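K.L.:
Pasting a structure below so you can have a look.
Only the coordinates and a few stated rules stand behind these numbers; no lab work does. Given the structure is predicted, the values throughout are model-derived calculations rather than measurements. Using ideal geometry, Cβ is built from the backbone for each residue, glycine included, and neighbour counts are taken over all protein chains shown.
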Amino acid sequence: MPKTEKCPAIKGKKSERVKIISELLKKLYPDALCALEYQGDPYRLIVMARLSAQCTDKRVNEVSKPLFERYPTVYHLAKAEQREVEDIIRPCGLFRTKAESIIEMSRQITELHNGQVPDTYDQLIRLSGVGMKIANLMLGDVFGQPRIVPDTHCIRITHKLGLISRADPVVCERELSRLVPSEEQSDFCHRIVLFGREWCKAPNPKCDLCPLQSRCEAKEKK
């Protein structure tokens, strides 16, 4: 476990606060890695991102191993039988919907994009099961574009820290995009996720030991 530091009192503009919070997160998590173990393959990441809905990244990483052994490329998954895919991804929950979605998404990628995951937002959100969160994840992690990924950790924690005005994915994406420097946006989101798993867990946050407790508006309201 990394050595923690107490967050200094932060006053003034949100841009100043996010800078201090970001620096503390960098010290806690210098390697801002995506929790999904996709081995640098865009096909794997977009499938795993879809599987992660209402499921932990740890479970997705486990389930994805047999899935990609059976369907190593997007072309294989595009031709898959839905029931076979359902059997593999069942532990992720919502397995029927997710199986149908990732097979159709794979078909779209093979038929419309020559087997390559597209690199624009408009093309990505036209894929089955892909919304703003997954599209921004792909653009940030794979294609190096400045993007905020408004997952549940990011929304919940940045709202607690007073960085966004409302705990809403659209608001989170819009307001953090203005606050976080473009070159740091993807890493900032990954660090927030890691922080949420270690310190600010939704059911049982470690408030008394939290290295960012002095900035937590939710704690102040208790």
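K.L.:
Need the full-extension length gain, Ser177 to Glu62, defined as separation in residues times 0.36 nm minus the C-alpha distance. One decimal, nm.
P.N.:
Values: separation 115, 0.36 × 115 = 41.40 nm, distance 3.20 nm.
Length difference between fully extended and current span is 38.2 nm.
K.L.:
Working from Cα positions, state the angle (0 to 90°, nearest 10) between the long axis of helix 42-51 and the longest principal axis of the chain.
P.N.:
Roughly 70 degrees between the two axes.
K.L.:
Can you compute the charge dipole magnitude of the chain about its Cα centre, using +1 on each Lys and Arg Cβ and -1 on each Asp and Glu Cβ, nothing else charged? Give it in debye, rounded to the nearest 20. Let's see the in-between values first.
P.N.:
Details: 37 positive and 30 negative charges, 223 e Å.
Approximately 1060 debye in magnitude.
K.L.:
Do the sum for the chain: with -39,500 (n - 2.57) for every DSSP H run of n ≥ 4, divided by all residues, what is the mean residue ellipticity at 222 nm, to the nearest 500 deg cm²/dmol? Working shown, then result.
P.N.:
Details: 12 runs with 122 residues, N = 222.
That calculation yields -16000 deg cm²/dmol at 222 nm.
K.L.:
Using only the alpha carbons of the chain, what is the convex hull's orientation-averaged projected area in square nanometres?
P.N.:
Values: hull surface 48.6 nm².
In nm², the orientation-averaged hull projection of the chain is 12.2.
K.L.:
Over region 129-187, one equal point on each Cα, no solvent: what is log10 I(q)/I(0) by the Debye formula at q = 0.13, 0.17, 0.18, 0.19 Å⁻¹?
P.N.:
-0.28, -0.48, -0.54, -0.60
K.L.:
Also, I was wondering about something else. Can you find, among Ile125, Gly93, Ala80, the residue sitting farthest towards the positive end of the charge dipole of region 42-141, where Lys and Arg contribute +1 and Asp and Glu -1 at Cβ?
P.N.:
Gly93
K.L.:
Within region 46-89, whose backbone N sits under 17 Å from a point 7 Å along Cα→Cβ of Asp31?
P.N.:
Only 58 fall inside the zone, counting backbone N under 17 Å.
K.L.:
Given Cα pairs under 8 Å that are at least 6 residues apart, what percent is the relative contact order of the chain?
P.N.:
Working: 275 pairs, mean separation 50.4, N = 222.
It comes to 23 percent, rounded to a whole number.
K.L.:
Can you list the HN-Hα couplings for region 126-132, worked out from phi with the Karplus curve (6.51, -1.76, 1.60; θ = phi - 60°), rounded to whole Hz and with x for Gly and Pro?
P.N.:
7, 6, 4, x, 9, x, 4
K.L.:
May I ask for log10 I(q)/I(0) of region 42-141 at q = 0.21 Å⁻¹, from a Debye sum over the Cα atoms as equal point scatterers with solvent left out?
P.N.:
Ignoring solvent entirely, the Cα scatterers give -1.05.
K.L.:
Here is a follow-up. Compute the relative contact order of region 7-106 as a whole-number percentage, counting only Cα pairs closer than 8 Å that sit 6 or more residues apart in sequence.
P.N.:
22 percent
K.L.:
Rank Asn136, Cys207, Phe195 by how far each Cα sits towards the positive end of the charge dipole of the chain (+1 on Lys, Arg Cβ; -1 on Asp, Glu Cβ) and give me just the farthest.
P.N.:
So the residue we want is Cys207.
K.L.:
If each residue of separation counts as 0.36 nm, what is the full-extension length gain between Asp41 and Lys13 once their alpha-carbon separation is subtracted? Mind dumping the intermediate values first?
P.N.:
Details: separation 28, 0.36 × 28 = 10.08 nm, distance 3.90 nm.
Residue separation times 0.36 nm, minus the Cα-Cα distance, leaves 6.2 nm.
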